[in-house]
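*Asks:* First, the structure itself, so that you have it in front of you.
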Amino acid sequence: MRIGIDIMGGDFAPKATTLGAILALNEVPSDCRIVLIGDEPMTKSILAEKGVDASLFDFIHADQVIEMGEHPTRALSQKPNSSLSIGFQMLKEGSIDAFASAGNSGAMLVGSMFSVKTIPGMNRPAICSYLPKENGGFGVILDVGANADCKPELLVQFAILGSLVAEILFGIKNPKVGLLNIGEEAEKGNLLTQATYPLLKETTNINFIGNIEGRDLFNDKADVIVCDGFTGNIVIKEGEGIYHLMKKRGIVDEYFERFNYEIYGGSPILGINSTAVVGHGISNETAIKNMILLTKDVAAANLSNIIKEAFN
């Protein structure tokens, strides 16, 4: 397996990304090769400073960088030699099996759609995240930022995607699907949730349990939580905010330590014809290491092909 890493992606690149790749070396299997895509001389200089043999990695030089604030579509077309553009081209050609970046998330989404493309039957890809549950397990929430505005049919697709992730990555059989809403009653919510509820109820290949409220995010009421990307992004950022507030106040709690974004590494882009993972822009070397390990796990699970078969 060859995993491509955007070495220029993220607020602390290329140092954090290079150090994260070094950490990942000790945890990936021997048949896994990490391909560093970005400024090759700069990356090799960091490796030399750390006394790491550069031959342990493969290098693809890229002399352009897509910055965080750039418009995704324009940046990809105007910067064909960027690390992110080259990474997606390699993914499309099959010279890497998976691609990950902590860079511009919009460009990652657009790059996925225009290179490896969405699977037949999927309207738009989604980004999922994981919620630590009180019982020690995890829940899946999607979308968390790829689609701020959604139609009901898209939320139904998210429910199917989330169910597959919960079953394949977390081993949850017949995962319970809940629609995030402001009340449990079927008629509650805005126009989107009101229109989505009956569609989810009619979908036979998911275990829809109805609406759930924000207080149920972290208990075992639902394994998969469906919402539009605007709402989902607020949910996960609120979780991060609570974690950092507790750390700042010196509060140590075993459960809330599981809210630390570093241990997850990133989120897979679901519904595309390959494996792509988006990392947090503020990722340090630990988060980058875990992003690489997550990318390896998602590719090894053959998740994209399983989703393709489900939608076919």
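*Asks:* Can T43 be described as farther than 26 Å from N302 by Cβ, open to solvent by 30 Å² or more (accessible area, probe 1.4 Å), without any contact (Cβ under 8 Å) to a residue 40 or more places away in the chain and part of a helix (DSSP H, G or I)?
*Replies:* Considered against the rule, which asks whether it is farther than 26 Å from N302 by Cβ, open to solvent by 30 Å² or more (accessible area, probe 1.4 Å), without any contact (Cβ under 8 Å) to a residue 40 or more places away in the chain and part of a helix (DSSP H, G or I), T43 comes out as no.
*Asks:* Still on this model: Please count how many residues of the stretch 273-283 are within 10 Å of L303 (Cα to Cα) and hydroxyl-bearing (S, T, Y).
*Replies:* Residues that pass the stated criteria total 2.
*Asks:* Search the stretch 96-129 for residues being at pLDDT 90 or above and of a type in the set (S, T, Y), and hand back the single one that is surrounded by the fewest Cβ atoms within 10 Å (Cβ to Cβ).
*Replies:* T118
*Asks:* Need the failing condition index for K15 against (1) within 21 Å of I282 (Cα to Cα); (2) under 22 Å from the mean Cα position of the chain (by Cα); (3) open to solvent by less than 80 Å² (accessible area, probe 1.4 Å), just the number.
*Replies:* Among (1) within 21 Å of I282 (Cα to Cα); (2) under 22 Å from the mean Cα position of the chain (by Cα); (3) open to solvent by less than 80 Å² (accessible area, probe 1.4 Å), K15 violates only (3).
*Asks:* Is there a residue in the stretch 167-189 that is out of contact with any strand residue (DSSP E or B) (no Cβ under 9 Å at 6 or more places or on another chain), at pLDDT below 90 and within 22 Å of N312 (Cβ to Cβ)?
*Replies:* Checking the stretch 167-189: at least one residue is out of contact with any strand residue (DSSP E or B) (no Cβ under 9 Å at 6 or more places or on another chain), at pLDDT below 90 and within 22 Å of N312 (Cβ to Cβ).
*Asks:* Next up: Please go through the stretch 214-240 and pick out each residue that is out of contact with any strand residue (DSSP E or B) (no Cβ under 8 Å at 6 or more places or on another chain) and either of a type in the set (V, I, T) or more than 14 Å from L131 (Cα to Cα) (or both).
*Replies:* Result: D228, F230, I234.
*Asks:* Go through the stretch 240-272 and report how many residues are within 30 Å of N302 (Cβ to Cβ) and in contact (Cβ under 8 Å) with a residue 24 or more places away in the chain.
*Replies:* So the count comes out to 14.
*Asks:* Another one. Take V156 and decide whether it is touching a strand residue (DSSP E or B) at 6+ places or on another chain (Cβ under 9 Å), open to solvent by 10 Å² or more (accessible area, probe 1.4 Å) and without any contact (Cβ under 8 Å) to a residue 60 or more places away in the chain.
*Replies:* So V156 fits the description; yes.
*Asks:* When the residues of the stretch 209-221 are filtered to those that are free of Cβ contacts under 8 Å to residues at least 60 places away in the same chain, open to solvent by 40 Å² or more (accessible area, probe 1.4 Å) and closer than 20 Å to E167 by Cβ, which remaining residue is nearest to the chain's Cα centre (by Cα)?
*Replies:* K221
*Asks:* Scan the stretch 245-267 for residues that are assigned to a helix (DSSP H, G or I) and either among the charged types (D, E, K, R) or surrounded by 13 or more Cβ atoms within 10 Å (Cβ to Cβ) (or both) and jot them down.
*Replies:* Residues of the stretch 245-267 that are assigned to a helix (DSSP H, G or I), as a first pass: 245-248, 256-259, 261-263.
Answer for the stretch 245-267, where residues must be assigned to a helix (DSSP H, G or I) and either among the charged types (D, E, K, R) or surrounded by 13 or more Cβ atoms within 10 Å (Cβ to Cβ) (or both): M246, K247, K248, F256, E257, R258, F259, Y261, E262, I263.
*Asks:* Across the stretch 278-294, what is the number of residues that are more than 21 Å from N233 (Cβ to Cβ) and of a type in the set (S, T, Y)?
*Replies:* Going through the stretch 278-294 one residue at a time, the tally reaches 1.
*Asks:* Now for a separate question. Could you please find all residues in the stretch 68-95 being open to solvent by 50 Å² or more (accessible area, probe 1.4 Å) and either hydrophobic (A, V, I, L, M, F, W, C) or assigned to a helix (DSSP H, G or I) (or both)?
*Replies:* M68, T73, R74, S77, Q78, Q89, K92, E93
*Asks:* Taking the residues in the stretch 159-194 that are touching a helix residue (DSSP H, G or I) at 6+ places or on another chain (Cβ under 8 Å) and closer than 20 Å to T118 by Cα as candidates, determine which candidate is most open to solvent (accessible area, probe 1.4 Å).
*Replies:* I168
*Asks:* Exactly one condition in (1) crowded, with 16+ Cβ neighbours inside 10 Å; (2) in contact (Cβ under 8 Å) with a residue 60 or more places away in the chain; (3) under 24 Å from D149 (Cα atoms) is false for I206; which is it?
*Replies:* Every condition holds for I206 apart from (2).
*Asks:* On to the next question. Would you be able to tell me the number of residues in the stretch 18-34 that are under 22 Å from A300 (Cα atoms) and not in a loop (DSSP other than H, G, I, E, B)?
*Replies:* Summing the residues that are under 22 Å from A300 (Cα atoms) and not in a loop (DSSP other than H, G, I, E, B) in the stretch 18-34 gives 8.
The values are calculated or read from the model by the stated rules, or taken from the named source; none is laboratory data. This one's a predicted model, so the numbers in the text were calculated from it and none came from an experiment. FYI the Cβ positions are ideal-geometry reconstructions off the backbone, even for glycines, and counts take in every protein chain you see. In case anyone asks, the SASA skips ligands and DNA or RNA and just uses the protein heavy atoms, side chains included. Shrake-Rupley method; radii C 1.70, N 1.55, O 1.52, S 1.80 Å.
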